[in-house]
Amino acid sequence: MRIKNYLSGKIVVPFVFIFLFTLSLFLDKPMNTLIGYFNILTSSGLLISDYLHIGGLSASLFNVASLLLVYFSLINHLQIKVTGPIFAGLFTIAGFAFFGKNLVNTLPLLSGIYLYSLYHKIDIRNVMIIILFSTGISPLVSFTMFDSGINLIYSIPLGIFLGVFTGFILPPFVAHTVKFHSGYDLYNIGFAMGILALIYTAGFKAFGIIVSPVNLISVDYHWILFSVLLLFSASFIIIAYMIDNSVHTAYTLILEKSGRLVTDFIREAGLAPALLNIGLMGFLSLIIVLVLNIKISGPVIGGILTVMGFSAFGKHPKNSVPVMLGVTAAAFLSHYTLNSASVVIAIFFGTALAPISGKYGPVIGFFAGFVHFFVVQATSPFQGGFDLYNNGFAAGFVAAVFVPILESFRKEEE
Amino acid sequence: MALHEIKKNCKIVNELLMYLMRNSFHQIEMHIDYQTDESVITFIVDECPSEVISQMAENLNKGRRYEFEGYYWELMGESDNTNQLSIIGMLVDGIHFEEKNGRTKMIIHRKHTFLKK
C-alpha cells in the first residue's frame, strides 16, 4: 500500500533516474563515463548533437539521470505534485538529455526564470512548468560558451549571461505565444523559443559567427535503448494495473479528450488511466520503430520519451496516430527516406499537433501531419539549431493556419 | 498585487460568460468583488439545468493548481466553440451555487494567496 501511495504521488520518476544511473555505472568504466560526460558538457548541443555519439551510452545515461535528479529534487523541494504537465516536462528533459541538454547549459536558464520570479515577487511554483520546458533553448548557452570561436574567458560569462537573460524574458513571452495557435501546439514553448532562436541566430551572424544545425548521430546502441524503452513501457502498464485492476474501463475517458492545451490526463481521468496511456504510447512508438526499421539514436529515444511524457498531457493513440501517418505519408511521397533521422524525428515530435486530430478528426489530423513534415524541414536552418523543440516551432505555424480556418467552418455549420 | 491579477480575473469572467451564453443563457447578471486578498465573481441566471451546474462544479471544484498561474491562463476566452472550464478550475479555489426564486447564483472564489511570502 505504501508503494502504491508513493507511486501515486511521484509517478515513478525517481525509479527512472535511479535505474538509468545504475545502468550507466555498469555499462562502462567510470573513467570512460567521466570523459564522455565532460565531452557532453563541453559540446555545442546544437540540433542534432547526439550525446550517444559525443560521449557514449554510459555518459549519456549519466547525463539523463543527473538532469532528472536535479529537476525532480527541485519539484520535490517545492512540494509540487507530479501531474500531467510536470510529468511531461520531466520526461521531455530526460528525452532531450540524449541530444542537447545538460546541467551546464540548462542551469543558467533556470536561474533566469528564478530571477524573474524574484523580480515580480511571485512564488517560483507559478513558473515551474516554464522552468521545465525552458531547457529546450539550452544549446544557446553551450554554443556561446564552447563553439562560438570567442575566447573562453569571455565566452563562458557571455553564455551564462545569455542563458540567464533568456530565462528572465521567457515567462511573459511563452504566455503570449500560446494564443497564436490557440493551444493546438502541445510544444508551445518550442514555438516561442524558435522565434527567440531566430533572433539570436541573426545576432550571431551579424558578428560573423555562423550558427547552423549539425548532424552527429549514433545508432550503435539500438537494442539496449529498445530494451530500456520496452521495460519502461511495460512498467507503466503494470503499475497502472497495480493501482487499479479495472483501469482499461476508465481509459476510455482519455480517448474522448481532444488533448488541446490544457488537458491534464491525471487530473481529468485519474492516475492509473494516465499511466496506462503512457505505457501504451511507449509500445506504439516501439511498434513504429520496428515497422519502419528505425535504428534508435539519441534523438529517436528523445522523441519517444517526449511522446511518453506528453501521454500524461494531451497525447493518446487516437489523436496521435493520424498525425504520425500524415508525416509518414508526406515523407513517403517526397524525396526523403522513411527511416532517415529527419523523418523519424518528425514522426514522433509531429504529435505536437495531436490536439488538431483530437478536435477536428483523424482526416484533418492526417493533413496537419502531412503539412507539418514540410514545414519542419524548413524551420531547422531558420532557427540555427538553438531551439531543440524544432518540431514545436514548426507545429505552431501549422496550427496557426489550420485552426482559424477550421473554426470558421464549424461556425458556419452551427 | 500579484502579477496580471486583474487580467486573469477578466479572462475568467470572459470564459464563463461565453460558456453560459453557449448554454443558451441570454440574460445574465454578473458581479465582481475585487478585494485585496481575494476576488469573488458572481453570475446570476434563470433556471439553470442540473447538467450545467454539475459540469461547472466538477471542473471548478477540482482544486487550485499554482503551477498554472504563470502559464496557459492566456488561453481562457480565446475559443468561441470550445470551453476551457478546466483551466478556470486550476485558477480558482472553488464554486458554490445558491438557488432562490427560480434563479441560480454561481459564486466563484479566487484567493490572491500565491504571492511570495
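Candidates in segment A:61-88 are the residues that are polar (S, T, N, Q) and more than 12 Å from chain B (Cβ to nearest Cβ); of these, the one that is surrounded by the fewest Cβ atoms within 10 Å (Cβ to Cβ) is A:S73. Listed by position, the helices (runs of 4 or more DSSP H) enclosed by segment A:322-414 that each have at least 2 residues that are among the hydroxyl-bearing types (S, T, Y) are A:354-360, A:362-383.
Just wondering, is there one or more residues in segment A:351-368 that are touching a residue at least 60 places away in the same chain (Cβ under 8 Å), under 26 Å from A:S44 (Cβ atoms) and surrounded by fewer than 24 Cβ atoms within 10 Å (Cβ to Cβ)? There is no residue in segment A:351-368 that is touching a residue at least 60 places away in the same chain (Cβ under 8 Å), under 26 Å from A:S44 (Cβ atoms) and surrounded by fewer than 24 Cβ atoms within 10 Å (Cβ to Cβ). When restricted to residues that are free of Cβ contacts under 8 Å to residues at least 40 places away in the same chain and among the aliphatic types (A, V, I, L, M), segment A:170-191 contains 1.
This table checks each residue for (1) surrounded by 18 or more Cβ atoms within 10 Å (Cβ to Cβ); (2) touching a helix residue (DSSP H, G or I) at 6+ places or on another chain (Cβ under 7 Å); (3) in contact (Cβ under 8 Å) with a residue 24 or more places away in the chain; (4) outside the structural domain of A:A94 (by TED's automatic domain parsing).
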site	(1), (2), (3), (4)
A:S235	yes, no, yes, yes
A:V247	yes, yes, yes, yes
A:L253	no, yes, no, yes
A:E256	no, no, no, yes
A:G259	yes, yes, yes, yes
A:G279	yes, yes, yes, yes
A:L290	no, no, no, yes
A:K295	yes, yes, yes, yes
A:G298	yes, yes, yes, yes
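Among the residues of this structure, A:L406 counts as one that is out of contact with any Ser or Thr (no Cβ under 6 Å at 6 or more places or on another chain), over 30 Å from A:G203 (Cβ atoms), in contact (Cβ under 8 Å) with a residue 40 or more places away in the chain and among the aliphatic types (A, V, I, L, M). Taking the listed residues A:G36, A:G55, the one that is without any contact (Cβ under 8 Å) to a residue 24 or more places away in the chain, in contact with a Phe, Trp or Tyr (Cβ under 9 Å, 6 or more places away or on another chain) and not assigned by TED's automatic domain parsing to the domain that holds A:F313 is A:G55, with no other qualifying. Taking the conditions exactly as written (within 14 Å of chain A (Cβ to nearest Cβ), assigned to a loop (DSSP other than H, G, I, E, B) and either exposed (fewer than 15 other Cβ atoms within 10 Å of the Cβ) or modelled with pLDDT under 85 (or both)), does B:T82 satisfy them or not? For B:T82, the condition - within 14 Å of chain A (Cβ to nearest Cβ), assigned to a loop (DSSP other than H, G, I, E, B) and either exposed (fewer than 15 other Cβ atoms within 10 Å of the Cβ) or modelled with pLDDT under 85 (or both) - is met. Select from segment B:28-56 the residues that are surrounded by 13 or more Cβ atoms within 10 Å (Cβ to Cβ) and either among the small types (G, A, S) or in a loop (DSSP other than H, G, I, E, B) (or both) and write down the one among them that is nearest to the chain's Cα centre (by Cα). So, considering only residues that are surrounded by 13 or more Cβ atoms within 10 Å (Cβ to Cβ) and either among the small types (G, A, S) or in a loop (DSSP other than H, G, I, E, B) (or both), the one nearest to the chain's Cα centre (by Cα) is B:S39. Residues that are of a type in the set (A, V, I, L, M) and under 21 Å from A:G314 (Cβ atoms) were ranked within segment A:171-214; the one that is farthest from the other protein chains (Cβ to nearest Cβ) is A:M193. Residues in segment B:61-78: is at least one over 30 Å from A:N76 (Cα atoms), in contact (Cβ under 8 Å) with a residue 60 or more places away in the chain and within 14 Å of chain A (Cβ to nearest Cβ)? Checking segment B:61-78: at least one residue is over 30 Å from A:N76 (Cα atoms), in contact (Cβ under 8 Å) with a residue 60 or more places away in the chain and within 14 Å of chain A (Cβ to nearest Cβ). In this structure, does A:G365 turn out to be more than 14 Å from chain B (Cβ to nearest Cβ), within 14 Å of A:T328 (Cα to Cα) and in contact with a helix residue (DSSP H, G or I) (Cβ under 8 Å, 6 or more places away or on another chain)? When the stated conditions are applied, A:G365 passes them.
Look at (1) more than 14 Å from the chain's Cα centre (by Cα); (2) outside any loop (DSSP other than H, G, I, E, B); (3) polar (S, T, N, Q) and you find that B:S24 fails only one, number (2).
Kindly establish whether A:I304 is of a type outside the set (D, E) and either part of a helix (DSSP H, G or I) or in contact with a Pro (Cβ under 9 Å, 6 or more places away or on another chain) (or both). Spelling it out, A:I304 is indeed of a type outside the set (D, E) and either part of a helix (DSSP H, G or I) or in contact with a Pro (Cβ under 9 Å, 6 or more places away or on another chain) (or both). All conditions but one from (1) touching a strand residue (DSSP E or B) at 6+ places or on another chain (Cβ under 6 Å); (2) under 19 Å from A:G163 (Cα atoms) apply to A:H53; the one that does not is (2). Hey, can you tell me all the residues within segment A:181-212 that are at negative phi and not hydrophobic (A, V, I, L, M, F, W, C)? If the condition is that a residue be at negative phi and not hydrophobic (A, V, I, L, M, F, W, C), then A:H181, A:Y184, A:D185, A:Y187, A:N188, A:G190, A:G194, A:Y200, A:T201, A:G203, A:K205, A:S212 are the ones that fit.
The values are calculated or read from the model by the stated rules, or taken from the named source; none is laboratory data. Nothing here was measured: the structure is a model prediction, and the numbers come from that model. Don't worry about glycine lacking a Cβ; one is built from the backbone with ideal geometry, like all the others, and counts go over all protein chains shown.
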